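Notes for the one structure printed next.
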Amino acid sequence: MAAKRGLYANIHAKRKRIAAGSKEKMRKPGSKGAPTAANFRRSALTAKKPRGKK
């Protein structure tokens, strides 16, 4: 089973579609279906850490 894409991957993909002219709109914070503050906190726990230079 493949891993699902994360919250930030979905946000960036939608921004790319909007820039390409899809006529979609981002949801306003607090609206139904929009990510909550808890969703962002949970996604931060699984974020990849930046790698240092060698």
For the chain, what's the radius of gyration and Dmax over Cα atoms, in angstrom? 14.1, 45
Protection-proxy order for peptides 32-38, 7-13, each taking the mean of Cβ atoms within 10 Å per residue, highest first: 7-13, 32-38
Lysines whose Cα lies under 16 Å from that of Lys25, excluding same-chain neighbours fewer than 8 positions away: Lys14, Lys16
Based solely on its DSSP helices, what 222 nm [θ] is calculated for the chain when runs of n ≥ 4 H residues each add -39,500 (n - 2.57) and the sum is averaged over all residues, nearest 500 deg cm²/dmol? -12500 deg cm²/dmol
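Bear in mind these aren't lab numbers, they're just calculated from the coordinates by the rules spelled out. Everything numeric in this text was worked out from a predicted model, so none of it was measured. Glycine also receives a Cβ, built like all others from the backbone with ideal geometry; neighbour counts cover every protein chain displayed.
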